[in-house]
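Read through the structure below, which is laid out as structure tokens, and then see the notes.
The values are calculated or read from the model by the stated rules, or taken from the named source; none is laboratory data. A quick note: this is a predicted structure, and the numbers were derived from the prediction, not measured. FYI the Cβ positions are ideal-geometry reconstructions off the backbone, even for glycines, and counts take in every protein chain you see. Keep in mind that these areas ignore ligands, DNA and RNA; they rest on the heavy atoms of the full protein, side chains included. Shrake-Rupley method; radii C 1.70, N 1.55, O 1.52, S 1.80 Å.
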Amino acid sequence: IVFLLLAVTWIARAEQSKVLTLLSDVKPDDRIELSGISGSDITLRTWDKNQISIRLKISISCSDRDYENEYIAKAMLHQSGGGGVVHVELEEPSSTGGSGIFSILHRYYLNKAISGEIYIPRDNPLTTDFRYGAMDLTDMKGELHLMGTNNNIKVGNCPALREIENNYGTTTIENSGGDLRLSSTSSTISINNFNGAVDISANYSVITANKIAKELSISDQSGTLKTYNIGGALTLNANYSTINGGDVNGAVSITCASGSIGMSNIRGKLAIDAKYSTVSIDSVTAAGTTSTIIGASGSFTLTNSAGNLRIDNPYSKIYLERVTGNIDCNTTSGTIEIVDVEGDFKAQAPYTPIRCRNLRAKNVVVTDESNDVNLQLATVPAFLQVRCRYSPIYVDMPKGFSGDIEMTVEYGKIITNFPIKNKELSSSAYGTAKIGSGTNSINIETSSANIELREAER
């Protein structure tokens, strides 16, 4: 009954309010520092005057009448500083009281609200921990350090962005620049047309970055990333994320434990560590370098690319098409399919079917255990070595081979149109040949399957 009577009394009590104002002239080079100000109905804006203008309405309703009166009496805007710094702080009395059941009853209800507007000069540097409000910082020329929480931040035409912290908020940056470090959690971030480098740390966030002049680095666990038109290197540490992007004028490094990656038009080498992920890359220009792809169980697709490639992806589907460069591929129980590839090909792939069409390679080295190996060569190899155990092997090549051929089968047959010396003993077969006067070499062997080596008739 006592609680009910107290609640009815407190709810019926009218709130108290007070208006705080501050108008202060500042020099063009003064650093402005705002602290202790928060409120969902406060807007921070810029203007052309060399003045700070603040008008805030504070309202409070509290079960503790003494604290309510104290808050209204003591809440104030306090200005301090010197040496090129102007510091403005909202000072509020702390809510302290007794202990025990009487304290619980005494402080059962508290409602506080702050609303208003803040204007600051466009040319001055700004540092603030403004929280739960809206910032519209258009045409802000001074250096910015925004260290708040849960804000709706809009920045436009600001050339000197340095630091933004905005957990659980929304940050939109347009036509700006600087050397930006941005941190956030569970937020939405959009950056478009930024003249400088950007470093973002924002777990569980949706991030869009477009037209970044220099390098871009993002750490976002379990988020959504869209990165386009990056002028420098791109580094993404984004486990459990969805990644899309393209037009990167530099190296790309991506770490993703279990997610989805789609990138295109990369002018630099790749370094991808993407266990349990789906990876699709189109158009990489990285001639003279070696890109590395590390995975575990997912898929990797690369098309229209130049540059060497090293793949270590044990249980994944690997598909390469229209690639120029040497390929070194290691997998255990996945699939390998390559189409229109020009470069040496090496595969260590037990329990993996291998399909190559239109492969133009001087050197081909394949090791398999128990799956088909099918090599359709568009050029005559200088060195071809295929060693398997329980895998049938099929090799088709154009006419013109000159060198040594050696093929061995323990339990199977040798089928070829080369003029080899073929010896069959029980269930095994052994064939050798010397074709022309060249130094090329073909060596194929398997334990329990057939070998088929074909040379085109023309």
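What number goes with the only condition from (1) within 22 Å of Val386 (Cβ to Cβ); (2) in contact with a Leu (Cβ under 7 Å, 6 or more places away or on another chain) that Ser291 does not pass?
(1)
Suppose the filter is more than 17 Å from Gly307 (Cβ to Cβ) and either crowded, with 21+ Cβ neighbours inside 10 Å or touching a Ser or Thr at 6+ places or on another chain (Cβ under 7 Å) (or both); does Ser264 pass it?
No.
Just to check your reading of the model, which residue among Ile191, Ile243, Ile261 is out of contact with any Gly (no Cβ under 6 Å at 6 or more places or on another chain), within 25 Å of Leu144 (Cβ to Cβ) and modelled with pLDDT of 95 or more?
The match here is Ile191.
Consider only pairs whose beta carbons are under 7 Å apart and that are at least six residues apart or on different chains; among these, list those whose first residue lies in the range 377-393 and is without any contact (Cβ under 8 Å) to a residue 24 or more places away in the chain and whose second residue is of a type in the set (Asp, Glu).
Filtered contacts from the range 377-393: Leu377/Asp396.
Can you tell me which residues in the range 138-178 are over 23 Å from the mean Cα position of the chain (by Cα), assigned to a strand (DSSP E or B), farther than 20 Å from Ala202 by Cα and not β-branched (Val, Ile, Thr)?
Listed by number, the list holds a single entry, Gly156.
Of all residues in the range 341-371, count the ones that are within 13 Å of Arg389 (Cβ to Cβ) and surrounded by fewer than 22 Cβ atoms within 10 Å (Cβ to Cβ).
6
Which pairs turn up if I take residues in the range 151-171 that are within 14 Å of Asp136 (Cα to Cα) and among the charged types (D, E, K, R) and look for partners that are part of a strand (DSSP E or B) and open to solvent by 10 Å² or more (accessible area, probe 1.4 Å) with beta carbon separation below 6 Å, at least 6 apart in sequence or on another chain?
Lys154/Asp136; Lys154/Thr172
What's the total number of residues in the range 34-55 that are outside any strand (DSSP E or B) and open to solvent by 30 Å² or more (accessible area, probe 1.4 Å)?
The number of residues fulfilling the criteria is 4.
Could you check the range 310-332 and list, in sequence order, the residues that are assigned to a strand (DSSP E or B) and open to solvent by less than 10 Å² (accessible area, probe 1.4 Å)?
If the condition is that a residue be assigned to a strand (DSSP E or B) and open to solvent by less than 10 Å² (accessible area, probe 1.4 Å), then Ile311, Ile318, Leu320, Val323, Ile327, Cys329 are the ones that fit.
Hey, can you tell me all the residues within the range 192-209 that are under 11 Å from Thr224 (Cβ atoms) and polar (S, T, N, Q)?
Across the range 192-209, the qualifying residues are Ser205, Thr208.
Restricting the range 386-400 to residues that are within 12 Å of Leu453 (Cα to Cα) and surrounded by 15 or more Cβ atoms within 10 Å (Cβ to Cβ), which is nearest to the chain's Cα centre (by Cα)?
Looking at residues that are within 12 Å of Leu453 (Cα to Cα) and surrounded by 15 or more Cβ atoms within 10 Å (Cβ to Cβ), I get Val386.
Answer yes or no: is there a residue in the range 280-287 that is part of a loop (DSSP other than H, G, I, E, B) and surrounded by fewer than 17 Cβ atoms within 10 Å (Cβ to Cβ).
no
Any idea how many residues of the range 222-259 are open to solvent by 50 Å² or more (accessible area, probe 1.4 Å) and closer than 19 Å to Asn313 by Cβ?
3
Residues are listed down the side, and each one gets a yes or a no for (1) closer than 23 Å to Gly83 by Cβ; (2) touching a Ser or Thr at 6+ places or on another chain (Cβ under 6 Å):
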site: Val19; (1), (2): no, no
site: Ser24; (1), (2): yes, no
site: Asp30; (1), (2): yes, no
site: Leu34; (1), (2): yes, yes
site: Ser38; (1), (2): no, no
site: Asn50; (1), (2): yes, no
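Identify the residue in the range 14-31 that is open to solvent by less than 70 Å² (accessible area, probe 1.4 Å) and among the charged types (D, E, K, R) and, among all such residues, is nearest to the chain's Cα centre (by Cα).
Among those that are open to solvent by less than 70 Å² (accessible area, probe 1.4 Å) and among the charged types (D, E, K, R), it is Arg31.
So which strands (runs of 3 or more DSSP E) stay within the range 371-431 end to end and still have 2 or more residues that are under 20 Å from Cys356 (Cβ atoms)?
373-377, 383-387, 393-397, 403-409, 414-416
When the residues of the range 413-437 are filtered to those that are small (Gly, Ala, Ser) and open to solvent by 20 Å² or more (accessible area, probe 1.4 Å), which remaining residue is farthest from Leu375 (Cα to Cα)?
Restricting to residues being small (Gly, Ala, Ser) and open to solvent by 20 Å² or more (accessible area, probe 1.4 Å), the top hit is Ser426.
Mind counting the residues in the range 432-458 that are of a type outside the set (Asp, Glu) and assigned to a strand (DSSP E or B)?
Residues that pass the stated criteria total 13.
So, Asn192, is that one part of a strand (DSSP E or B), out of contact with any Phe, Trp or Tyr (no Cβ under 7 Å at 6 or more places or on another chain) and open to solvent by less than 50 Å² (accessible area, probe 1.4 Å) or not?
The answer is yes for Asn192.
Per-residue answers, yes or no, for (1) farther than 25 Å from Gln79 by Cα; (2) of a type in the set (A, V, I, L, M); (3) buried (at least 17 other Cβ atoms within 10 Å of the Cβ):
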position: Thr128; (1), (2), (3): no, no, yes
position: Leu144; (1), (2), (3): no, yes, yes
position: Asn203; (1), (2), (3): yes, no, yes
position: Thr208; (1), (2), (3): yes, no, yes
position: Ile212; (1), (2), (3): yes, yes, yes
position: Asp220; (1), (2), (3): yes, no, yes
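Would you confirm, using the coordinates I've provided, whether Val365 is part of a strand (DSSP E or B) and farther than 21 Å from Asp404 by Cβ?
When the stated conditions are applied, Val365 does not pass them.
Going by the structure shown, is Ser447 at pLDDT below 95, polar (S, T, N, Q) and open to solvent by less than 50 Å² (accessible area, probe 1.4 Å)?
yes
Give me the pairs: first residue in the range 118-140 and touching a residue at least 24 places away in the same chain (Cβ under 8 Å) and closer than 16 Å to Arg162 by Cβ, second residue of a type in the set (D, E, K, R) and open to solvent by less than 30 Å² (accessible area, probe 1.4 Å), beta-carbon distance under 7 Å, and six or more apart or on different chains, which are they?
Once the first residue is touching a residue at least 24 places away in the same chain (Cβ under 8 Å) and closer than 16 Å to Arg162 by Cβ and sits in the range 118-140, its partners that are of a type in the set (D, E, K, R) and open to solvent by less than 30 Å² (accessible area, probe 1.4 Å) give Asn124/Asp30.
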